[in-house]
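Take a look at the structure set out below.
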Amino acid sequence: QKGGFDHFMLKEIYEQPEAFSKTVVPHVKDGLPNFERDEIPEDFFENRRHIQIVACGTAMYAGTVGKNLIERFARIPVSVDVASEYRYNNPIVGPGDLVIVISQSGETADTLAALRLAKQKGADTLGVINVIGSSIAREADHVIYTHAGPEIAVASTKAFTVQMAVMFLLALELGLKNGMIQPDECRSLTDQLLDCRNTMEQALELTKTVPDIVEKAIDCPSLFYIGRGLDHALALEGSLKLKELSYLHSEAYAAGELKHGPISLITDGMPVIALATQQVVLPKTVSNMKEVKARGAKTLLICRESETVDADAYDFRIDLPEAADEFMPFTAAIAMQLIAYYKAVQSGCDVDKPRNLAKSVTVE
Ligand code: M6R
């Protein structure tokens, strides 16, 4: 059942390129995003002035990536809420608004309740769901299914990747409908998106160094993940994965925020994992790495293979294949999943079933 892998999680990490293609390819027609198979009416994405994304855990971080992409390509303001907070904060939402709920299982109690609240307030709702016929899939106005296949390990890996892929397609569709991108530009972006299957395959090769690096770099009970923009969203997800699997305390911070307080926690040998895949902010993140290194931190840089970064900024480095900034989350996710996986294995943790956690959280 584990296909020769030691754990379901590792198998599922390696299944990502295929899951990605199964999700993206059927949603592309003539080089443009297409949601005909989901029976979503053409005008569903038109005239949207505000979008809310609601989800929990990893699905919420896929939503955070989605916010960045929708605002980038469609210039529509997006808010992202944790479902358990959304419900109790009397959300400002109503007719004409689009509420996107993201859930692998389609059964998460808080996400389901948030969906019901948004519907009750008159919003249009769209579910991005992996499990066919699940409660959220049945109740949302429309559903886009991700095609990750069954995810057995409690830690979400391939479902996260395909959720990001759907958010990418949605961002392009909304950009087209909102007149913010033209079909030719969109075709080029869709081509690059389709090519992420290959870059993910390459990333699985390039990250063969991860077990060794993890052993040397992460030997402290507490650490930081830092990044800016899309790297910050991925740092949040990487940090969650590490906590969930290896029981280490890990905090994700916007790299520029460290000096506003948490830098006081940096002591000799504390690991800081810096995601620096976004070229536009790379020098800033590198300078944040130097700040923590000067205070004794042990830094692990995750960036493109071709990037030239001052050697005095990092102690360890994980390389990722070339892609434009907006496509880097697909390979950065692999690096972070593997960091969490190998740290948990090396610490003797129950990788597929971490303590206190359930795959589907059906209580509020
Ligand atoms: O099934 P869902 O996507 O709604 O689940 C949401 C979270 O419970 C889930 O992503 C959780 O955070 C994972 N265990 C993270 O790996």
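The values are calculated or read from the model by the stated rules, or taken from the named source; none is laboratory data. It should be emphasised that the depicted structure is a prediction, and the values quoted were computed from it without experimental measurement. When we count neighbours, we look across all protein chains shown, and the Cβ atoms used for this are built from the backbone with ideal geometry, even at glycine.
Going through the stretch 56-79 one residue at a time, which ones are touching a Phe, Trp or Tyr at 6+ places or on another chain (Cβ under 6 Å) and within 16 Å of the ligand (Cβ to nearest atom)?
Within the stretch 56-79, Thr58, Ala62 qualify.
Among the residues of the stretch 221-241, what is the count of those that are assigned to a strand (DSSP E or B) and surrounded by 17 or more Cβ atoms within 10 Å (Cβ to Cβ)?
5
Does Val166 meet the test of being among the aliphatic types (A, V, I, L, M), touching a Leu at 6+ places or on another chain (Cβ under 9 Å) and surrounded by 15 or more Cβ atoms within 10 Å (Cβ to Cβ)?
Criteria not met by Val166.
Looking at this structure, is Ala235 closer than 22 Å to Asp319 by Cβ, within 16 Å of the ligand (Cβ to nearest atom) and of a type in the set (A, V, I, L, M)?
yes
Do we find that Glu244 is assigned to a helix (DSSP H, G or I) and surrounded by fewer than 19 Cβ atoms within 10 Å (Cβ to Cβ) in this structure?
So Glu244 does not fit the description; no.
Hey, does the stretch 259-279 have a residue that's touching a residue at least 12 places away in the same chain (Cβ under 8 Å), closer than 24 Å to Ala324 by Cβ and loosely packed, with under 15 Cβ neighbours inside 10 Å?
Scanning the stretch 259-279, I find at least one residue that is touching a residue at least 12 places away in the same chain (Cβ under 8 Å), closer than 24 Å to Ala324 by Cβ and loosely packed, with under 15 Cβ neighbours inside 10 Å, so the answer is yes.
In this structure, does Ala254 turn out to be surrounded by fewer than 20 Cβ atoms within 10 Å (Cβ to Cβ), over 30 Å from Pro33 (Cα atoms) and within 18 Å of the chain's Cα centre (by Cα)?
yes
Mind counting the residues in the stretch 71-129 that are acidic (Asp, Glu) and within 25 Å of Pro150 (Cα to Cα)?
Initial filter on the stretch 71-129 (acidic (Asp, Glu)): 71, 81, 85, 97, 107, 110, 124.
Right, trim to within 25 Å of Pro150 (Cα to Cα) and you get 107, 110.
Selection size over the stretch 71-129: 2.
Would you call Gly57 within 16 Å of Ile144 (Cα to Cα), touching a helix residue (DSSP H, G or I) at 6+ places or on another chain (Cβ under 7 Å) and not charged (D, E, K, R)?
No, not satisfied.
Which of the residues that make up the stretch 162-197 are assigned to a helix (DSSP H, G or I), without any contact (Cβ under 8 Å) to a residue 12 or more places away in the chain and of a type outside the set (D, E, K, R)? So that I can check it myself, show each step before the final result.
Taking the stretch 162-197 and keeping what is assigned to a helix (DSSP H, G or I), we get 162-177, 183-197.
Narrowing further to those that are without any contact (Cβ under 8 Å) to a residue 12 or more places away in the chain: 184-185, 188.
Within the stretch 162-197, just Ser188 meets the criteria.
For every residue, the table says whether it meets (1) under 27 Å from Leu258 (Cβ atoms); (2) within 16 Å of the ligand (Cβ to nearest atom); (3) at pLDDT 95 or above; (4) not hydrophobic (A, V, I, L, M, F, W, C).
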{"position": "Ile302", "(1), (2), (3), (4)": "yes, no, yes, no"}
{"position": "Arg317", "(1), (2), (3), (4)": "yes, no, yes, yes"}
{"position": "Thr331", "(1), (2), (3), (4)": "yes, no, yes, yes"}
{"position": "Gln337", "(1), (2), (3), (4)": "yes, yes, yes, yes"}
{"position": "Tyr341", "(1), (2), (3), (4)": "yes, yes, yes, yes"}
{"position": "Val363", "(1), (2), (3), (4)": "no, yes, no, no"}
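Identify, by number, the condition in (1) at pLDDT below 95; (2) assigned to a loop (DSSP other than H, G, I, E, B) that Asp43 doesn't meet.
(2)
Taking the stretch 144-162 as the search range and keeping residues that are under 10 Å from Thr23 (Cα atoms) and in contact with a Ser or Thr (Cβ under 6 Å, 6 or more places away or on another chain), which one is surrounded by the fewest Cβ atoms within 10 Å (Cβ to Cβ)?
His147
Please go through the stretch 72-105 and pick out each residue that is surrounded by 16 or more Cβ atoms within 10 Å (Cβ to Cβ), out of contact with any Gly (no Cβ under 6 Å at 6 or more places or on another chain) and closer than 16 Å to Glu173 by Cβ.
Correct list: Arg72, Ile76, Val78, Leu98, Ile100.
Restricting the first residue to the stretch 53-75 and requiring it to be more than 14 Å from Ala235 (Cβ to Cβ) and assigned to a loop (DSSP other than H, G, I, E, B), which pairs with a second residue that is away from the ligand (no atom under 13 Å from the Cβ) and not charged (D, E, K, R) meet a Cβ separation below 6 Å and a spacing of at least six or different chains?
Final answer for the pair search is Arg75/Met180.
Only one of Phe44, Phe20 is surrounded by 21 or more Cβ atoms within 10 Å (Cβ to Cβ), of a type outside the set (S, T, N, Q) and closer than 22 Å to Cys186 by Cβ. Can you tell me which?
Criteria check complete, one pass: Phe20.
How many residues does the stretch 180-203 contain that are hydroxyl-bearing (Ser, Thr, Tyr) and in contact with a helix residue (DSSP H, G or I) (Cβ under 8 Å, 6 or more places away or on another chain)?
Within the stretch 180-203, residues that are hydroxyl-bearing (Ser, Thr, Tyr) and in contact with a helix residue (DSSP H, G or I) (Cβ under 8 Å, 6 or more places away or on another chain) number 2.
I'd like the full set of residues that are more than 10 Å from the ligand (Cβ to nearest atom) and among the β-branched types (Val, Ile, Thr), limited to the stretch 147-165.
In the first step, residues of the stretch 147-165 are kept if they are more than 10 Å from the ligand (Cβ to nearest atom); the result is 147-150, 152, 158, 161-162, 164-165.
Listed by number, the residues that qualify are Ile152, Thr161, Val162.
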